[in-house]
Amino acid sequence: MIIARAAAALFALTIAGTAQAAQPIAGRWLTEDGSAVVLVGPCGGATCGRIQTVLKARPGAPTTDVNNPDAKLRSRPIVGLPILSDFSDSGSDWRGRIYDPRTGKSYKSIVSREANGTLKVKGCIAFLCQTQTWKPAR
């Protein structure tokens, strides 16, 4: 009887201690404003996202990363530009950095796959976050 109880307790601890994995976020995603498609997938040991296609360029919008604070990177084309970097599975979501080429700023980011198939993308400064919803691109 004691052995059965010990085995049951050990099994319960094993189940409780198992880490939950976040829903995968790899794929092609249409940004909230419909301006671009971002391709998300593995890069090295992390998950990253690059602008795959610009669908709606603003009139007069630059075609290179002109707002980057690093002058050496300002000639990078927008298409192919990494905007999600160093994302790792943190259990219920993915955490990494997001880059906004319109401002040249990077932010802490939290990304999660929603039950309806969309991607919830947050960019945060301290505890203030702005959230966008990205839809699967066809």
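Just so it is clear, none of the values below were taken in a lab; they were calculated from the coordinates. Not measured: the values here are computed from a predicted model. All Cβ positions, even for glycine, are placed from backbone atoms using ideal geometry, and neighbour counts span all protein chains on display.
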Item to check | Lysine pairs within the chain, Cα separation less than 22 Å, 8 or more sequence positions apart or different chains | outcome: 12
Item to check | 222 nm mean residue ellipticity, helices alone, for the chain (DSSP H n ≥ 4; -39,500 (n - 2.57); rounded to 500) | outcome: -4000 deg cm²/dmol
Checklist entry - For the residues Lys122, Lys108, what sequence is obtained by ranking on other C-beta atoms within 10 Å, fewest first? => result Lys108, Lys122
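Might you report the magnitude of the Cβ-based charge dipole of segment 21-136 about its Cα centre, with Lys and Arg at +1 and Asp and Glu at -1, to the nearest 20 debye? List each step's numbers first, then the result.
Working: 16 positive and 9 negative charges, 48 e Å.
Charge dipole, segment 21-136, about its Cα centre: 220 debye, nearest 20.
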Next on the checklist: Rounding to the nearest 10 and keeping the result within 0 to 90°, find how far the Cα-based axis of helix 2-17 lies from the longest principal axis of the chain.
Outcome noted: 10 degrees
Checklist outcome for this item: Mean-square fluctuation maximum in Gaussian network of the chain, Cα pairs under 10 Å, restricted to Pro24, Pro77, Pro59, hits Pro59
Item to check | Cα Rg, Dmax (largest Cα-Cα span) when computed across segment 21-136, Å | outcome: 13.7, 42
Next on the checklist: Can you tell me which of Ala36, Ala21, Ala126 moves the most in a GNM of the chain? Springs connect C-alpha atoms under 10 Å apart.
Outcome noted: Ala126
Item to check | Proxy reagent accessibility, fewest Cβ within 10 Å first, across Thr31, Thr133 | outcome: Thr133, Thr31
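State to the nearest 20 debye the size of the charge dipole of segment 96-138 about its Cα centre, where the only charges are +1 on K and R beta carbons and -1 on D and E beta carbons. Could you put the intermediate results ahead of the total?
Values: 9 positive and 2 negative charges, 17 e Å.
Using Cβ point charges on Lys, Arg, Asp and Glu, segment 96-138 gives about 80 debye.
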Checklist entry - What residue among Ser88, Ser109, Ser35 shows peak mean-square fluctuation when the chain is described by a Gaussian network model with Cα springs under 10 Å? => result Ser35
Item to check | Kirkwood Rh, angstrom, segment 68-107 [1 / mean 1/r, Cα pairs] | outcome: 11.4 Å
